[in-house]
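Worksheet: one structure, shown below.
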Amino acid sequence: MQPPRFTRDEVRALYDRPLLPLLDESRKVHLAHHPDNEVQLCTLLSVKTGGCPEDCSYCPQSSKYDTNVSAEKMLDVREVIASARRAKELGSTRFCMGAAWREVKEGPAFDRVLEMVRGVKDLGLEACVTLGMVNESQAKRLAEAGLDAYNHNLDTSRENYRSIITTRTFDDRLKTLENVRGAGITVCSGGIIGMGESTDDRCEMLRTLANMEPQPESVPINALVPVEGTPLAAMPPVDPLDLVRMIAVARILMPKTRVRLSAGRTSLTREAQMLCMLAGANSIFYGDTLLTTANPGEEDDLALIRDAGLVAMPPKVSTHHAD
Ligand code: SAM
Ligand code: DTB
Ligand code: SF4
C-alpha cells in the first residue's frame, strides 16, 4: 500500500501556522489552481424533510429530537424542477437535493429521485443529491440518471464520530463514498466545525479527505447551525477565524477541490466571508434557505461576490436542452 499522502503531524503543523502566513500559502495554491476568480453558486432543496431515524446530534431533521422541523411528504418531481428552474434563473449552476433518509431504499421514492436528477440535468445544471447511505447498484442507477455529484459528509474525525452520531459508523460513511466513486459519480464530502470537536479532530477529518485517492472534487465546510431541540443547541458560536483556517488548510491539502463555504453564513460578517474566500473557498450555497435553516439572501450574496472582486461561475454552455 502507498503511504498516506499526509501525516497527522503535517496537517496539524499547517493548522497551527500563524494565520497570515497560512493565508499567504493557501492563496498561492488557490491562485495556481483556480485563477478564474469564480465562486460557484449552488442551490439546496430539501426534497424529503424530517422524520429521519438517525441521531446526528447537530441535525434538526432527526426524529429523535424535538425540533421545529416535522416529517413531511416527499416533494413531487414537478415542484422540484420548478425550483431548479428558478435557481438557474437566479444564477445557480448546481442544484443539490437532500433527503432526510438513513439510506436509500429501492422503490417509488428512489425512482422519484432518479426522475428529479434527470429533470435537473435537462435544465443544464449540475445535479447533486444527498440521500444517506447508498450501495453499489443504487450508485450505478444514480450515475445512469446523469447525477454529477453525491454529497455524504464525514462531518468529523473517526475518533470523534461516535460522540456525534451513534446510529452509523465512520466506516459506513467511507463505504458509501467508495460506492459513489466506483459508479463514476464525483464525491462531495466535508464536515462541520463548532460541535465541540478538538483541533486534532478537525485536522483528522481534513486528512481523511485529503488522503482519498482521488481526492473529493468538492469539500463543504459547515459551521454548526445550532438548532433548538438538538443536543448541540447550546454550543457556543464558532470563531469565524477557525472557519478561515479550516478552509485554508483544506485548500492547501486539496488544491484542485472546490471548497465550499457552507452552513453557518448567516452568523458571519461580510468581512469574515470574504476572508473565507481569500483562504480558498470558491463556492457558496445560494438562496435564503439551506435544507431547513436560514441562509443569506441572493441579493446580499451577489453584492458580496461583486464587492470582493470575484464573479459568479457562469453556466456551462450546453449543446443539448438549451433552456
Ligand atoms: N441524510 C443525509 C446524510 O446525513 O447524509 C443527507 C442530508 S444531511 C442534512 C447533510 C449534511 O448537512 C450533514 O452531513 C451535515 O454535515 C449537514 N448539517 C445538518 N445539520 C446541520 C447543522 N445544524 N449545522 C451544520 N451542518 C448541518
Ligand atoms: C453540506 O455540507 N451542507 C449542506 C449540504 N451539504 C447538504 C446542508 C446544510 C444543512 C444545514 C442545516 C439545515 O438547513 O437543515
Ligand atoms: Fe438524518 Fe442526515 Fe440529519 Fe443525520 S444529518 S439526522 S442522516 S437527515
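Here are a few things to note about the model shown:
- Gain on full stretching of the segment that runs from L19 to N37 - 0.36 nm per residue minus C-alpha separation: 4.3 nm
- For the stretch 82-175, diffusion coefficient by Stokes-Einstein and Kirkwood Rh (Cα), 10 °C, 1.306 mPa s, µm²/s: 111 µm²/s
- Based on Cα contacts under 8 Å between residues 6+ apart, the stretch 20-306 shows a relative contact order of 22 percent.
- Tail beyond 36 Å, pair distance distribution of the chain (Cα, percent): 12 percent
- Protection-proxy order for peptides 112-121, 63-72, each taking the mean of Cβ atoms within 10 Å per residue, highest first: 112-121, 63-72
- Rough spin-label spacing in nm, given labels placed 7 Å along Cα→Cβ, for K140 and D307: 5.1 nm
- Looking at the chain, the DSSP beta bridges with both ends there are about 5 percent antiparallel.
- Relative frequency of Cα-Cα separations exceeding 27 Å in the stretch 103-262, percent: 27 percent
- Here is the size of the stretch 183-294 from its Cα atoms: Rg then Dmax, 13.7, 40 Å.
- Calculated [θ] (222 nm, deg cm²/dmol) that DSSP helices of n ≥ 4 give over the chain, each run adding -39,500 (n - 2.57): -12000 deg cm²/dmol
- Under 18 Å from K316, Cα to Cα: aspartates and glutamates that are on another chain or at least 8 residues apart: D36, E38, E89, D122, E126, D148, E217
- Less than 5 angstrom separates the built amide H of S46 from those of G98, all sequence-distant by 5 or more or on a different chain.
- Partners for K105 among lysines (Cα-Cα distance below 22 Å; same-chain residues under 8 apart left out): K48, K64, K73, K140, K175
- Cα centroid separation - the stretch 123-137 against the stretch 221-270, whole Å: 23 Å
Where a number appears in this text, it was derived from the coordinates with a stated rule and is not lab data. Remember, it's a predicted structure, so these values are computed and weren't measured experimentally. Counting neighbours? That spans all protein chains shown, and the Cβs are built from the backbone with ideal geometry, glycine included.
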